[in-house]
């Protein structure tokens, strides 16, 4: 081994390592920038009023995004009611039942749906529920569109998580004379439960920030919504409205809204991490 | 291609056959020493008995080692039969030593005037031993079975010799000491034939997995 | 003798059993009588069909959509493949323990043992407690776990987990217990415990065990069946198969000349 060879190799090593490190930092930087800006601009505006009060009419200062925050939660709840049962059961079907050709077709469809731009979803539900006045711009329509978006996501993650459950558990349960459906529910799903919940929560975190489809389904509302057939406010909608408006006070509140939205998504993700932590050290 | 275990079994077989040839030689020499009143030969037989005893110990050790490898079916039978055969061969060696001792004692005194066809009895017994070991090598069960009834002939000869010696002792009391030596020697030959029969029975077990000991009519 | 087709002490009578995966026959025309309350071992080289044969006995091969069987299997004179019999019923009477122990990870020891009972509708706490103790005793595990029945099942060692799986299978009170290489993933000490357990279980259960370890078959079984390339080559008392087999193929396999 001659000396020049050695040091050229060392240099290559060090160069690649530095390059990789720099790229990693570059990846994290936008996230840090977002945090920094949001906190800098929005933190001061977060107070009790922000969470409890309605937006003030145009031109007036003060008020809050109470209805938008509640609205986001209402929409997410509806989305879950639609997305979770259909998605999970669909995932169960894909994993535990079905001939291979049908499964392939369903999976293919789900993957395409996952890639459909959210505004397309919006326009479909607009046509079905809003234009036809069934029931028009409403919380219901907003919930439906978010739910539809959740379904293929939850279905695929549920299927994947169920597939990770070793076949040995299914065999053991069936060999005990337990019926197939009970095996699936009590053994397979129970084993994969954490993973399914994770999938559902992550899907919810994703749809929580959707803005475009809500624009022509939920529509937005400056007041409290009293029933689901009325239009409803949501954080992303309110942020959009305020951010493009002319008033500084609204801009300030938009920053705060964006910060709150980010914190919501962040807390869901942290919650998921907490849930899936390794509680026991399994014996080797 | 033999594996190591089969090589172990072959080594066991070889050792057994080597022990057998030592035992046969010992009997041959002992009888010769007796008939030819050769004390040196008798002494050699007695010295070589240690070698035969040592073989028995070695074979048992080899067999135990092979048993730890859990042999099955014909291999299992081979190992257990080898232990039994080596025991019988060791006893044959002991009997040869006894004959050699009596040969030495008899050679120190004047010969007894009695015609005993010891060589014939010895030949019968030795033939049984040789045939038993051949049947082991050939794994020939029928040949082994054929050896078993021949024991009766040797027994008969032994009985006849004892009767003649007894008669001689009664008629010539001064020969009692020497005649007793002869009685012991012929008894040893009869026992050698018995051990050969035992070996044949073990060979039948090895080949047929049938235990024919104590079953055939005496 | 076990090969007597009129043997009334037979727990399982198999006639002309063939199992196909697509076009390939994994088990070819096997007929055998499994004696009740005895241990029958099934030996043979890899791929000889012994596991497939075992799984046909409790209809587990049906989990594979390509699998198809011909022939007849009767459990105490009842045809287990008849149209009126559900596979669920068969599996409650014929239990199975697998090579890799698989206690359900979300359940405690107690929950694992009683899962077969609870999910089949038995809720009476007294019965569950009794069956748990009974099954764990039979599986030689009671003394080791009686103080921690609520501990997670996965906190047990490998050998203990396998015994737990045996207790779980016994809790539903099957008549026959099938074991597919139950000790092959365990260390020698744990293996010895399992073998000892098998011998003590045969007082009450008919046991069929598939094993690739001939010494294990020799130690733990009363009867042995030798399978080769999907066919039953020889079947008889274990002592005979291992000291003086009738078929040359059996002799060759048992003395290690192939397989």
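Return the FRET efficiency for the residue pair residue B:215, residue B:162: r is the Cβ-Cβ distance, R0 is 35 Å, and the value is rounded to the nearest 0.05.
0.80
For chain A, set up a Gaussian network in which alpha carbons nearer than 10 Å are linked by springs, and say which option among A:100, A:52, A:18 fluctuates the most.
Looking only at A:100, A:52, A:18, the biggest GNM fluctuation is shown by A:18.
Two decimals, Cα atoms only, Kirkwood Rh: what is Rg/Rh over the protein assembly as shown?
Rg/Rh: 1.27.
Mind checking C:100-111 for the average number of partner chain beta-carbons within 10 Å of each residue's beta-carbon?
Mean partner shielding for this stretch: 4.
Give me the angle, in degrees from 0 to 90, between the Cα long axis of helix B:4-36 and the longest principal axis of the Cα atoms of chain B, rounded to the nearest 10.
10 degrees
Cα-based Rg of chain A per 2.2 N^0.38 Å, rounded to two decimals?
1.28
With a cut-off of 18 Å, note down the residues of the range B:200-216 whose backbone N falls inside the zone around a label point 7 Å from the Cα of residue B:153 toward its beta carbon.
Correct set: B:200-201.
Compute the acute angle (0 to 90°) between the alpha-carbon long axis of helix C:158-171 and the principal axis of greatest extent of the alpha-carbon atoms of chain C; round to the nearest 10°.
With both axes taken from Cα atoms, the answer is about 90 degrees.
In Å, what Rg and Dmax follow from the Cα atoms of the range C:10-254?
Rg, Dmax (Cα atoms, Å): 17.9, 56.
Return C:97, C:85 ranked ascending by Cβ neighbour count within 10 Å, so the fewest neighbours appear first.
By the 10 Å Cβ count, ascending, the order reads C:85, C:97.
Give the average, rounded to an integer, of partner chain Cβ atoms located within 10 angstrom of each Cβ in C:239-245.
For peptide C:239-245, the averaged partner shielding equals 4.
Can you give me the distance in nm between label points at residue B:35 and residue C:31, each placed 7 Å from the Cα along the Cα-to-Cβ direction?
Distance between label points: 6.4 nm.
Give, as ranges by residue number, the residues of the range B:84-99 whose backbone N falls under 15 Å from the point 7 Å along Cα→Cβ of residue B:21.
Taking a point 7 Å out along Cα→Cβ of residue B:21, no residue of the range B:84-99 has its backbone N under 15 Å.
As an exercise, use a Förster radius of 60 Å and the Cβ-Cβ distance of residue B:7 and residue C:72 to find the FRET efficiency, rounded to the nearest 0.05.
After rounding, the FRET efficiency stands at 0.80.
Please sort B:111-121, C:177-187 by packing, taking for each peptide the average over its residues of neighbouring beta carbons within 10 angstrom, highest first.
Averaged packing, sorted descending, gives the order C:177-187, B:111-121.
Based on the Kirkwood radius over alpha-carbon pairs, what value in µm²/s does the Stokes-Einstein equation return for the translational diffusion coefficient of the range C:3-143 at 20 °C and 1.002 mPa s?
D, rounded to a whole number, is 124 µm²/s.
Within a 10 angstrom radius of each residue's Cβ in A:166-174, how many Cβ atoms of other chains show up on average? Whole number is fine.
Whole-number average of other-chain Cβ neighbours for A:166-174 is 6.
Considering only the protein assembly as shown, what is the antiparallel percent among its DSSP beta bridges, to the nearest 5?
60 percent
By per-residue mean of other Cβ atoms within 10 Å, what is the highest-first order of A:165-174, C:148-157?
A:165-174, C:148-157
For the pair residue B:51/residue A:226, report the inter-label distance in nm, with labels modelled 7 Å from Cα in the Cβ direction.
12.2 nm
For chain C, what proportion of DSSP beta bridges, expressed in % and rounded to the nearest 5, is antiparallel?
Of the beta bridges lying entirely in chain C, close to 60 percent run antiparallel.
Sort C:48, B:207 so the one with the fewest other Cβ atoms within 10 Å of its own Cβ comes first.
B:207, C:48
Where does helix B:176-208 land angle-wise versus the long Cα axis of chain B, in degrees 0 to 90, nearest 10?
Computed tilt is about 20 degrees.
Taking only Cα atoms of the range B:4-208, what ratio of Rg to Rh do you get with Rh as the Kirkwood inverse-distance radius?
1.05
Which of C:246, C:167, C:217 moves the most in a Gaussian network model of chain C with Cα springs under 10 Å?
Maximum among the listed residues: C:246.
Show that you can apply the helix-only estimate: for the protein assembly as shown, add -39,500 (n - 2.57) for every DSSP H stretch of four or more residues, divide by all residues, and state [θ] at 222 nm to the nearest 500.
-20500 deg cm²/dmol
Quick one: order C:82, C:101, A:118, B:86 by neighbouring beta-carbon count within 10 Å, fewest to most.
C:82, A:118, C:101, B:86
Under a GNM of chain C (C-alpha, springs under 10 Å), which listed residue has the highest mean-square fluctuation: C:239, C:206, C:52?
C:239
How high is the FRET efficiency from residue A:206 to residue A:182, r the C-beta distance, R0 51 Å, rounded to 0.05?
0.95
Every number here is computed from the coordinates shown, using simple stated rules; none is lab data. Treat the numbers as computed from the prediction; the structure is a model and nothing was measured. Reconstructed Cβ throughout: ideal geometry from the backbone, glycine too, with neighbour counts over all protein chains shown.
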